[in-house]
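The values are calculated or read from the model by the stated rules, or taken from the named source; none is laboratory data. Owing to the predicted nature of the structure, the values given are computational and were not obtained by experimental measurement. We place every Cβ from the backbone using ideal geometry, glycine too, and count neighbours over all the protein chains shown. Calculation scope for accessible area: heavy atoms of the full protein, side chains included, ligands and nucleic acids excluded. Shrake-Rupley method; radii C 1.70, N 1.55, O 1.52, S 1.80 Å.
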Amino acid sequence: MQAMVLEAAGSPLRLTELPIPEPSPRQLRLSVLACGVCRTDLHIVDDELTEPKLPLVPGHEIVGRVEALGSEVKGFAIGDRVGVSWLGWTDGTCPYCRNGQENLCDSARFTGYQIDGGYASHTVADARYCFHLPESYSDAEAAPLLCAGLIGYRSLKMTGDAARLGIYGFGAAAHIVAQVARHQGREIFAFTRAGDTRAQDFARELGAAWAGGSDDMPPEQLDAAIIFAPVGALVPAALKASRKGGVVVCGGIHMSDIPSFPYEILWEERVLRSVANLTRADVREFLALAQAAGIKTTVVPMPLSEANEALARLRQGELTGAAVLIP
């Protein structure tokens, strides 16, 4: 099979031929139809997430066709189209798993990080962490739902019933969560890199009431804000823009250091919190909601062999929507 392989942190991926894997008793073997390119992949390649298995096949927004079944697999058949996301395995026994917080499992393993992922023509995945996908989405359109959409959805849930929602960093996750928020009747305020008029126009097309630079103040105080950009300096900016009792949610897995800030912008019961990973319940809820709400994804399909170019374009902020690799 063909795969783009990370052999050392900080190095480009290399197109490699590998043996087609055989599924273990609880796994599916998938013929990969599409795999989204996520900022988490970039953090892994750039050595900002420092515990990958090496060599590694990245990618955790996988759309695939079931090609082989492990002996203990139930609920799937040859030919099914399924999705695989970031959470690839949990122990089911730690205090977090027993408390419905499998996203915080002490022993969790993640697709495209400790488990080979979808930057390949084939992959295997634990069937318990695979999901049937709505037929209303093409392969490429479905891929960003499997992380960008999911982490956005989990972040949005953390904002409660906030009516005025700020979104900092208007990329793959933001363009999906903005549609969900609009479907729920919320008002969107989009913050982009200063001068990024293309992203600001994109936000307005998706229903944002206002769009400006990340150093601008919105015309109204925010009830809540979600930060997708991995920039720690946005935390005090979002707190300043939030009303009393407002919530600021950090939606990324990695962020540069948060600078010190005066207590007064956190005081008055403002809340600062992070979101970590996702649960299988999040996946089921979000896929149903995406279909019901008519969520559309904006994708840039690229050949698998151009994975390095896709990551470079993501690194430079040159993508509108999400890059998706097609084997």
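Structure above, values below:
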quantity	calculated
Extreme residue, nearest to His43 (Cα to Cα), among residues of the range 224-240 that are open to solvent by less than 10 Å² (accessible area, probe 1.4 Å) and aliphatic (A, V, I, L, M)	Ile227
Qualifying residue in the range 132-145 (condition: closer than 30 Å to Gly64 by Cα and in a strand (DSSP E or B))	yes
Filtered residues of the range 58-69 (kept if closer than 24 Å to Asn277 by Cβ and over 17 Å from the mean Cα position of the chain (by Cα))	Gly64
Count of residues meeting criterion [buried (at least 24 other Cβ atoms within 10 Å of the Cβ) and among the polar types (S, T, N, Q)] in the range 117-129	1
In the range 272-308, residue most open to solvent (accessible area, probe 1.4 Å) [restricted to those that are farther than 25 Å from Gln200 by Cβ and charged (D, E, K, R)]	Arg284
Failed item in (1) under 16 Å from the mean Cα position of the chain (by Cα); (2) closer than 20 Å to Thr279 by Cβ, with Ile44 passing the rest	(2)
Neighbours by Cβ (under 6 Å, 6+ apart or cross-chain): first from the range 1-22, over 23 Å from Glu67 (Cα atoms); second open to solvent by 40 Å² or more (accessible area, probe 1.4 Å) and among the charged types (D, E, K, R)	Ala9/Asp47; Gly10/Asp47
Qualifying residue in the range 130-152 (condition: modelled with pLDDT of 95 or more, farther than 15 Å from Ala34 by Cα, surrounded by 21 or more Cβ atoms within 10 Å (Cβ to Cβ) and among the aromatic types (Phe, Trp, Tyr))	no
Residues that are out of contact with any strand residue (DSSP E or B) (no Cβ under 8 Å at 6 or more places or on another chain), closer than 20 Å to Arg109 by Cβ and not small (Gly, Ala, Ser), drawn from the range 264-288	Asp282
Some residue of the range 158-172 being in contact with a Cys (Cβ under 9 Å, 6 or more places away or on another chain) and at pLDDT below 95	yes
Tally of residues being assigned to a strand (DSSP E or B) and out of contact with any Ser or Thr (no Cβ under 7 Å at 6 or more places or on another chain) across the range 160-182	3
Which numbered condition Ala194 fails, given (1) over 19 Å from Ile253 (Cα atoms); (2) touching a residue at least 24 places away in the same chain (Cβ under 8 Å); (3) open to solvent by 50 Å² or more (accessible area, probe 1.4 Å); (4) touching a Ser or Thr at 6+ places or on another chain (Cβ under 7 Å)	(2)
Scan of the range 12-22 for residues that are open to solvent by 30 Å² or more (accessible area, probe 1.4 Å) and in a loop (DSSP other than H, G, I, E, B), ordered by number	Pro12, Leu18, Pro19, Ile20, Pro21, Glu22
